[in-house]
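Single-structure report; data block below.
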Amino acid sequence: MSSQDIVTRTDRHLMATYARAPVAFVRGDGARLWDADGKEYLDLFACLAVANLGHAPRAVAEAITAQTAKLFHVSNLHYCEPQMRLAEVLCERSFADRVFLCNSGAEANEAAIKLARRWGHANGGQRFEIVTALGSFHGRTLATLTATGQEKVRVGFQPLPGGFRYVPYDDLGALDRALTDTTAALLLEPVLGEGGVVVPSPEYLTGARALCDERGILLVLDEIQVGMGRTGTLFAYEQAGIVPDVMTLAKALASGIPIGACLARADVAAAFDAGSHGSTFGGNAVAAAAAVKTLEIMTAPDFLPDVRRRAARFRAGLDRIAARSPAVRGVRGVGFIQGMLLSEPGAPIVTRCLERGVLLNCTADTVLRFLPPLVITEREIDQALAIVEEVLSS
Ligand SMILES: *Cc1c(COP(=O)(O)O)cnc(C)c1O
């Protein structure tokens, strides 16, 4: 079946919730993808920071196959070993003592919001408000689109749940004024992803941590896009020199199998008891087995140092393009999440790169967002960036 057939028949019956480029992929390997017409692409997008280990990573595929041969799913009224292993490794490799498993990023943030409210009710009673940043993105459920600091995701969905307040990102003064004795939690992305790859000043997260400590407020970090090695450390907070109280993960956690996780310190997690939250598929055995293998690969001693080395080469390449291209105003990012600021809308550049066989994305109108698989090779980096530069200069 051709790409065009798949596009036409899909658009006939799926709800039109996405603005898609007319290409259908059938196969992937590392940082390469092939469409239904046999055309090859270099991937600088990784299915939006999901395919951090590249496409169809063999070891994860084998872990999934081994699990599906035994058992697909176990209800949360019983126990299963993959769930146990995933919770163990997440707590071993992070600040957390406890994990709630679910199926997506929005659900992970929904769990964090519910946990913060329960914690607020249990600790003094009057804390319920969640403070979030303008320009943030936290998901598409009613609570998480309300948490999201962007008006466009809310259009037509009113009435929205109450108890959310917004502050400008990277502004400690505004944060200081917004946190009150009714605030339960501050929910922040360590780097704004959808908001245009905005890296806060080094003192922002340490300052936010200090304000939360002073006022007895939970700091919740949304690492759904920037966690799982994306910034060069397993979690972005490690580079900020702070520890959150709660953290959410999803996207790359199981290398492309749907999963989400809300991690917390023991005393915060204690606000949930039996019956206070749940999910039928949360901690599904196949998804958990894929996540365990993903974490095993990412925490091998050489993996992240090598990611940092190749990410530095990638960034140097972007900086060189910026210096030579009048249309580029700057480059910002950490590790393998990088944004190239243009002086014009980026959508036509994305379309021309796609035609030339390079996948990338544009966010906040004028920011080309680069999220390559963390396993992209030096040669693939050089090839892909050469094409991006040709498109920018044509
Ligand atoms: C993608 C994303 C989400 C939502 O995840 P879904 O799996 O699409 O629900 C939430 N927060 C951030 C920072 C994200 O990038």
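When the Cα positions of 392, 342, 232 are compared along the charge dipole of the chain, 392 comes out farthest toward the positive end, with charges on each C-beta of Lys, Arg, Asp and Glu.
For residue 114, the aspartates and glutamates whose Cα comes closer than 13 Å to its Cα, not counting residues fewer than 8 places off in the same chain, are 129, 273.
Taking every DSSP beta bridge with both residues inside segment 66-298, roughly what % is antiparallel (nearest 5)? Among the beta bridges of segment 66-298, antiparallel pairing accounts for roughly 35 percent. Once the gyration tensor of the Cα atoms in the chain is diagonalised, the equivalent ellipsoid follows with semi-axes of 33, 26, 20 Å, ordered largest first. Alpha-carbon geometry of segment 66-298: the Rg and the Dmax are 17.0, 55 Å, given in that order. Rolling a 1.4 angstrom probe over the chain with all protein chains present gives an accessible area of which 55% lies on carbon and sulfur atoms. The shape of segment 273-394 can be summarised by an equivalent ellipsoid whose semi-axes, obtained from the alpha carbon gyration tensor, come to 34, 19, 13 Å from longest to shortest. Highest average first, the peptides 167-178, 141-152, 44-55 ordered by how many other beta carbon atoms sit within 10 Å of their residues are 44-55, 141-152, 167-178. DSSP finds beta bridges in the chain, and of those with both partners inside it, around 60 percent are antiparallel.
Taking the centroid of alpha carbons for each part, segment 28-73 and segment 371-392 are 19 Å apart. Across 115, 368, 71, mean-square fluctuation computed from a Gaussian network of the chain (C-alpha pairs under 10 Å connected) peaks at 71.
Rounded, prolate or oblate: which fits segment 229-270 when a ≥ b ≥ c are the square roots of the eigenvalues of the alpha-carbon gyration tensor, with rounded for a/c under 1.5 and prolate only if a/b beats b/c? It is oblate, given that a/c is not under 1.5 and a/b is not larger than b/c. Of the peptides 331-344, 75-88, the order by per-residue mean of other Cβ atoms within 10 Å, starting with the highest, comes out as 331-344, 75-88.
Candidate cross-link partners of residue 293 among the lysines, defined by an alpha-carbon separation under 27 Å and a same-chain spacing of 8 or more, comprise 70, 251.
The values are calculated or read from the model by the stated rules, or taken from the named source; none is laboratory data. What you are looking at is a predicted structure, and each value in this text was computed from that prediction instead of being measured. Note: ideal-geometry Cβ built from the backbone for every residue, glycine included; neighbour counts use all protein chains shown. SASA here: full protein model, heavy atoms, side chains in, ligands and nucleic acids out. Shrake-Rupley method; radii C 1.70, N 1.55, O 1.52, S 1.80 Å.
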